[in-house]
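The values are calculated or read from the model by the stated rules, or taken from the named source; none is laboratory data. Here the structure is a predicted model, which is why all the values come from computation and not from measurement. Virtual Cβ from ideal backbone geometry, glycine too; neighbours counted across all protein chains shown. What goes into the accessible areas is simple: the full protein's heavy atoms, side chains included, and nothing from ligands, DNA or RNA. Shrake-Rupley method; radii C 1.70, N 1.55, O 1.52, S 1.80 Å.
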Amino acid sequence: MNISKIDYRQIMEFSLDPLIIHTDLKIIDINHAAEKFFRAKKESIIGASPLDIFQETAKIAIEKRIQSAYLQPAKVIEETIYRMDGTTVDVELYCHPVQIGDTTAIQTYVKDITDRKKTEKKQVEIIKQINELSATIVPLSNEIAVLPLVGAIDEDRARMLLEVLPNKVQQQNVKYLIIDFSSIYKIDHMVTDYLFKIHNIMSLLGVRSIITGIRPELALIAINIDNRLTSTSTMATVKDALYSLGMNFKY
């Protein structure tokens, strides 16, 4: 079997992915899937520049990417591009050199990732909502509240706590905030750093923060990571913290 006689354009036409063939920044062919995707006939696209589908801010980088693709396949990237009717769509792009007769051209694969991006956005929103719920301050009296932390704390959640807590303690007129770690099972440098930042912000707002529930093994890890935590008020349990406050304040 002589594969050199295989009709390349026929293979291209049967591809389910939109394909664009271009050289010297001029489109020389597209397949049927690309016609459907870009919502235009082949005749109106051939001869145009492949840069026309990109936003102005991306064109310089895309042109450099195309030029480098003549030497070796370019990495997959994500971009927002224009269809011929002016609508935008999020896509993955992959391009590589291809020899058509005596001409070296670039074949670009276009993959619609709109649905995936919507799903990712929803997941981010869900995580944000969960993080906001996890930053719920439970009032125990007019001036005392507890922040029960549950599960793992990653950088996004720690940053959320840092952003949300100042407004919440002011809105609830909190003077004493008990931050309970009894349901946290991992402490690392990032967590201890944010703990110290939260403690400092609370102090600047006139709020006394008390950390409770850190198990002995985690306390040792935390101190080894950051000895600044030795200056932070800690108690074994929320009950101990409340007892301590109750001994000095009536509420």
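List of remarks:
- Of all residues in the range 67-77, none are among the aromatic types (Phe, Trp, Tyr) and closer than 24 Å to Glu35 by Cα.
- Within the range 160-218, considering residues that are touching a Ser or Thr at 6+ places or on another chain (Cβ under 8 Å) and among the small types (Gly, Ala, Ser), the one nearest to Leu245 (Cα to Cα): Ser209
- In the range 82-91, of all residues being over 23 Å from the mean Cα position of the chain (by Cα) and of a type outside the set (D, E, K, R), the one that is nearest to Ser44 (Cα to Cα) corresponds to Met84.
For (1) among the aliphatic types (A, V, I, L, M); (2) under 28 Å from the mean Cα position of the chain (by Cα), each residue gets a yes or a no:
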residue: Thr80; (1), (2): no, yes
residue: Ile106; (1), (2): yes, no
residue: Tyr109; (1), (2): no, yes
residue: Ile113; (1), (2): yes, yes
residue: Lys122; (1), (2): no, yes
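- Of all residues in the range 74-91, those being surrounded by fewer than 12 Cβ atoms within 10 Å (Cβ to Cβ) and either of a type in the set (Ser, Thr, Tyr) or free of Cβ contacts under 8 Å to residues at least 40 places away in the same chain (or both) number 4.
- Gly47, sole failed condition from (1) open to solvent by 40 Å² or more (accessible area, probe 1.4 Å); (2) part of a loop (DSSP other than H, G, I, E, B); (3) of a type outside the set (Ser, Thr, Tyr); (4) closer than 16 Å to Cys95 by Cα: (4)
- Residue in the range 123-130 that is at pLDDT below 95, of a type outside the set (Asp, Glu) and surrounded by 14 or more Cβ atoms within 10 Å (Cβ to Cβ) present: yes
- Matching residues in the range 12-56 - criterion: being aromatic (Phe, Trp, Tyr) and in contact (Cβ under 8 Å) with a residue 24 or more places away in the chain: Phe37, Phe38, Phe54
- Annotation: of all residues in the range 184-203 being more than 13 Å from Leu165 (Cα to Cα), assigned to a helix (DSSP H, G or I) and not polar (S, T, N, Q), the one that is least open to solvent (accessible area, probe 1.4 Å) is Val191.
- Test for Asp29: is it assigned to a strand (DSSP E or B), of a type in the set (Asp, Glu) and either open to solvent by less than 40 Å² (accessible area, probe 1.4 Å) or out of contact with any strand residue (DSSP E or B) (no Cβ under 8 Å at 6 or more places or on another chain) (or both): yes
- For the range 97-116, a residue qualifies if it is within 15 Å of Met12 (Cα to Cα), open to solvent by less than 60 Å² (accessible area, probe 1.4 Å) and touching an Asp or Glu at 6+ places or on another chain (Cβ under 9 Å), and the qualifying residues are Ile100, Ala105, Val110.
- Of the set (1) surrounded by 15 or more Cβ atoms within 10 Å (Cβ to Cβ); (2) modelled with pLDDT of 90 or more, all apply to Phe181 but (2).
- Identity of the residue in the range 142-152, open to solvent by less than 20 Å² (accessible area, probe 1.4 Å) and touching a residue at least 40 places away in the same chain (Cβ under 8 Å), that ends up nearest to Asp188 (Cα to Cα): Val146
- Flag if Tyr94 is touching a residue at least 24 places away in the same chain (Cβ under 8 Å), open to solvent by 70 Å² or more (accessible area, probe 1.4 Å) and under 23 Å from Lys117 (Cα atoms): no
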